[in-house]
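The structure under discussion appears below in the form of structure tokens.
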Amino acid sequence: MFVSDSAAVRRPRIQSRAEATILHADLDSFYASVEQRDQRWLRGKPVLVGGGVVLAASYEAKAFGVRTPMNVGQALRLCPHAVVVPPRMSAYAAASEAVFAVFHDTTPLVEGISIDEAFLDVGGLRRISGEPVEIAHRLRAEIATKVGLPISVGIAGTKFLAKVASADAKPDGLRLVEPGRELDFLHPLPVQRLWGVGKVTAAALHANGITRIGQLAELGEPHLRAILGPAAARHLFALAWARDPRRVETGRRRRSIGAQRALGRRGRAPEEIAAYLDGLTDRLGRRLRAADRSCRTVVLRLRFDDFSRATRSHTLLEATDATASIRHAARLLLDTAQPLVTERGLTLIGLSLTNLDDAGPRQLTLPLEPRAENTLDATLDDLRRRFGSTAVTRAALLKTGEGLSVPLLPD
């Protein structure tokens, strides 16, 4: 175990603000809460949303150890009396839209993180709306009244601390990290609460006797660098001392979009896997064009039967929003990974598009052909927009469908 160079040396308590004016608002067990709101008989009961995999679990189910994304069969062994309901993505998208309307009515400074959580900066609203704690209480009450959902809110001087505080407040609570007492709140917590500490990093820290954030803070960055490397050490050491100067940003567009499909543990023929990949490609191409974006890099993500994972990526010569170009790159990646799939079996396939850019005017390449407007992609997009995403689908997906399409924040 490493120890600090000097126990007497104390770092100053550095924070980005002298006041706690950043809110992190996070809906509680979002999908499950929507189901309990819309179906009264589910209230107070353990609810699992999903099919083969648990997409969300109510707190009544979590009390039995159910977690996401656990297999539903495993979840039912832990909680045999749980009620399994199929997901209703359109209902969740509508609920998210209503919640974000309340966020934007509260403050113009809203940074959406996902469809069920956001950061809000209320630092300039004291004369209009009162103290941050008062604003947070009203926010929770409005969402409960107008949308009918429970939400937890953390209040702090930094985004990181606000997010940790909202997790501490769950379920359906509010937690203020008072200025000057940030480290009193943060240091007793387990190191897993730091952004960037997953299973591997936590295991490395635990092997050196570091289980709490306070121990990591006292260790010193040089010793931490020897355990985790320079980048991770710098990042985690700063967070351990409550240093997070990031502001709440509005209007920032996402840097990637992705979709995935769980396949279960049954063996799949290569052509069946390829069909699922084509379905993901169609979905992402549609989202890309709807957001008026283009991509340069296609990333294939695989999870095998032994729970190991693999990632393959391909960067295109020029940005595109054409489904055919994206599909060609994705198929090349799958063909390259096929020996691994055959050897280990495949339980999940995912596709991401990164290096996104606006699909506006761009430098043309030979033979200097402009972007066509009347394309097959545009026609299919229009049909699916008017008649639903399943109005036109690939023949290979007629029996299985495209799979679940998780709602996203508007880009």
Over the stretch 94-115, the set of residues buried (at least 16 other Cβ atoms within 10 Å of the Cβ) and more than 16 Å from residue 143 (Cβ to Cβ) is 109, 111
Pairs where the first residue, in the stretch 100-120, is within 16 Å of residue 150 (Cα to Cα) and the second is among the hydroxyl-bearing types (Ser, Thr, Tyr), C-beta under 6 Å, 6+ apart: 115/96
If a residue has to be hydroxyl-bearing (Ser, Thr, Tyr) and either touching a strand residue (DSSP E or B) at 6+ places or on another chain (Cβ under 8 Å) or modelled with pLDDT of 95 or more (or both) to count, how many in the stretch 60-95 make the cut? 1
May I ask you to list pairs of residues, at least six apart or on different chains, whose Cβ atoms are under 9 Å apart, with the first in the stretch 316-330 being among the small types (Gly, Ala, Ser) and the second being surrounded by fewer than 16 Cβ atoms within 10 Å (Cβ to Cβ) and part of a helix (DSSP H, G or I)? 324/376
Which residues, counting only those in the stretch 240-294, are free of Cβ contacts under 8 Å to residues at least 24 places away in the same chain and hydrophobic (A, V, I, L, M, F, W, C)? 269
Take residues that are within 28 Å of residue 25 (Cβ to Cβ) and tell me which of the helices (runs of 4 or more DSSP H) falling wholly in the stretch 168-280 contain 2 or more. 182-186, 199-207, 213-219, 230-240
Which of (1) assigned by TED's automatic domain parsing to the domain that holds residue 321; (2) surrounded by 14 or more Cβ atoms within 10 Å (Cβ to Cβ) is the odd one out, the single condition residue 265 does not satisfy? (2)
If you go through 327, 287, the only one that is within 21 Å of the chain's Cα centre (by Cα) and assigned to a helix (DSSP H, G or I) is 287
Number of positions in the stretch 39-63 that are buried (at least 16 other Cβ atoms within 10 Å of the Cβ), part of a loop (DSSP other than H, G, I, E, B) and touching a Cys at 6+ places or on another chain (Cβ under 9 Å): 1
Of all residues being of a type in the set (Ser, Thr, Tyr) and in a helix (DSSP H, G or I) in the stretch 24-38, which is farthest from residue 58 (Cα to Cα)? Just the residue, please. 31
Please state which one of 319, 259, 291 is out of contact with any helix residue (DSSP H, G or I) (no Cβ under 9 Å at 6 or more places or on another chain), under 26 Å from residue 55 (Cβ atoms), buried (at least 18 other Cβ atoms within 10 Å of the Cβ) and at pLDDT below 90. 291
Which residues, counting only those in the stretch 322-337, are at pLDDT 90 or above and touching a Ser or Thr at 6+ places or on another chain (Cβ under 7 Å)? 326, 327, 330
Within the stretch 23-42, which residues are among the acidic types (Asp, Glu) and in contact with a Pro (Cβ under 7 Å, 6 or more places away or on another chain)? 28
Restricting the search to the stretch 15-38, which residues are over 30 Å from residue 244 (Cα atoms) and either surrounded by fewer than 17 Cβ atoms within 10 Å (Cβ to Cβ) or touching a strand residue (DSSP E or B) at 6+ places or on another chain (Cβ under 7 Å) (or both)? 31, 32, 33, 35, 36, 37, 38
Options 158, 145; residue that is polar (S, T, N, Q) and surrounded by fewer than 14 Cβ atoms within 10 Å (Cβ to Cβ): 145
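The values are calculated or read from the model by the stated rules, or taken from the named source; none is laboratory data. Note that the coordinates shown come from a computational prediction; the quantities given were computed from them, not determined experimentally. Here the Cβ is made from the backbone with ideal geometry for all residues, glycine too, and neighbour counts use every protein chain on show.
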